[in-house]
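Asker: Once you've had a glance at the structure underneath, I'll fire off some questions.
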């Protein structure tokens, strides 16, 4: 404020206005709750993925072990089926067996060989699943499966 020579008074004012909200409403609280819920969901998803990976590795390991036992058993059954077929063929040649006995023995041998091929394939696949679960699966690990598939699909077998 100042006075001029004519007796007039002039007043000038400069101000700064600053507003700080003391409460921004429920929007902030809602966003905080949402962030907490998203964090909980992410933690639960991570735990679920860990459990699934652990279970997958366990199942693959058990699959490999049981597959190896099944392959060994079917290999023994194949030897037995071959022996039975040879015995029936010899019996047919000397006249103590009939043709149906030979055919049944041959059918049993083929069924055993089919089951053995399937067990080998399943065991190899379980091994690949185990390596995948462990994170060590590589291209070289696929060679035995390709070899088995090539061997079983060739017309000479």
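The values are calculated or read from the model by the stated rules, or taken from the named source; none is laboratory data. Keep in mind that this is a model prediction, so the values were computed, not measured. Heads up, the Cβs are rebuilt from the backbone with ideal geometry, glycines too, and the neighbour counts pull from every protein chain shown.
Asker: Only one of 88, 44, 104, 29 is without any contact (Cβ under 8 Å) to a residue 60 or more places away in the chain, surrounded by 10 or more Cβ atoms within 10 Å (Cβ to Cβ) and under 27 Å from residue 134 (Cα atoms); which?
Answerer: Just one listed residue meets the conditions, 44.
Asker: List pairs: first in the range 110-134 and over 13 Å from residue 66 (Cα atoms), second not in a helix (DSSP H, G or I), Cβ under 7 Å, 6+ apart or cross-chain?
Answerer: 128/137; 131/137
Asker: Follow-up. Taking residue 86 and the conditions (1) at pLDDT below 95; (2) out of contact with any helix residue (DSSP H, G or I) (no Cβ under 8 Å at 6 or more places or on another chain); (3) over 27 Å from residue 149 (Cα atoms), which numbered condition does it fall short on, given that it satisfies the others?
Answerer: Only one criterion is unmet by residue 86, namely (1).
Asker: Only one of 93, 75 is out of contact with any helix residue (DSSP H, G or I) (no Cβ under 8 Å at 6 or more places or on another chain), assigned to a helix (DSSP H, G or I) and either surrounded by 10 or more Cβ atoms within 10 Å (Cβ to Cβ) or modelled with pLDDT of 95 or more (or both); which?
Answerer: When all the criteria are applied, what remains is 93.
Asker: Does the range 121-142 contain any residue that is exposed (fewer than 12 other Cβ atoms within 10 Å of the Cβ) and part of a helix (DSSP H, G or I)?
Answerer: Yes - at least one qualifying residue is present in the range 121-142.
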